[in-house]
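The structure under discussion appears below in the form of structure tokens.
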Amino acid sequence: TNRYLMFVLSVSSAIFAIAWIIGWGISHPLRELTSTSIAMSKGDLASRVQIRDRGDEIGQLALAFNMMAGSIQSSHEELVKLSTIDGLTSLYNHREFQKRLEEEVNRAYRYGSTLSLLMMDIDNFKKFNDTYGHQAGDTVLKAIGTIILQEIRKSDFAARYGGEEISIILPETASAEAFAFSDRLREIIHNLPITILEKEVVYIVASTDEADRVF
């Protein structure tokens, strides 16, 4: 009787252990899926389910979830880009400029730092468009946007203010440095050959105004 009782207890313990392992193997990935879904719903679009090396339905579900999460993140990043970047020049747009300028002014006030703002305008751009057409004007704006992105620092912020006007925020930059950068940028743009209408090469002159202030 005692042997039989011990046998029953052993079998019951083994069944309980197996059931616990199976249950944990199911509940743990489900909790992982749930917590990752909650994180994504709160804005953490980089969250992914950390379930690997499973060839069952749960593993396939985790793989499908991560693929869906990656697609959502990519779509969100593209929407953010479309809402903040000027499609022609690849510079930031006017709305994003206003937002960033306010942030930089507040930061300069807080830390007592120097902030410079550079405003650039392409000379006689209306006449250029009337002569060569707006498609050629777009080519010029795109080329200048590319040059500006190459020349500014990572801490700088360049935006298309409107039409042919471009603004560049220069944090931690005093007037002497801003004027030097402005002169160098004008010279680069002036010496830049731009091919328009697939055949004619033109050179552009840009005017700049600088404003700086120690907050």
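The values are calculated or read from the model by the stated rules, or taken from the named source; none is laboratory data. These numbers come from a predicted model, not from an experiment. Cβ placement follows ideal geometry from the backbone for every residue including glycine, while neighbour counts extend to all protein chains displayed. Keep in mind that these areas ignore ligands, DNA and RNA; they rest on the heavy atoms of the full protein, side chains included. Shrake-Rupley method; radii C 1.70, N 1.55, O 1.52, S 1.80 Å.
Say each of residue 205 and residue 131 gets a label point 7 Å from the Cα, pointing the same way as Cα to Cβ; how far apart are those two points in nm?
1.1
Relative to the present Cα-Cα distance, how much length would full extension add between residue 197 and residue 64 at 0.36 nm per residue of separation?
43.1 nm
Students often forget the sequence filter, so: which lysines lie under 25 Å Cα-Cα from residue 127 once same-chain residues fewer than 8 apart are removed?
List returned: 142, 199.
So, in Å, what gap is there between the alpha-carbon centers of the stretch 117-142 and the stretch 89-103?
20
Place a point 7 Å from Cα of residue 138 in the direction of its Cβ. Which residues in the stretch 81-125 have their backbone N less than 12 Å from it?
87-89
Rolling a 1.4 Å sphere over the protein heavy atoms, what is the accessible area per residue of the stretch 150-212, to the nearest Å²?
Solvent-accessible surface per residue comes out at 55 Å².
Report the convex hull volume per residue for the stretch 129-215, counting only C-alpha atoms, in Å³.
Enclosed volume per residue, from the Cα hull, is 94 Å³.
Determine the share of the stretch 56-215's accessible area contributed by carbon and sulfur atoms, expressed in whole percent, with a 1.4 angstrom probe.
With neighbouring chains kept in place, the figure for the stretch 56-215 is 53 percent.
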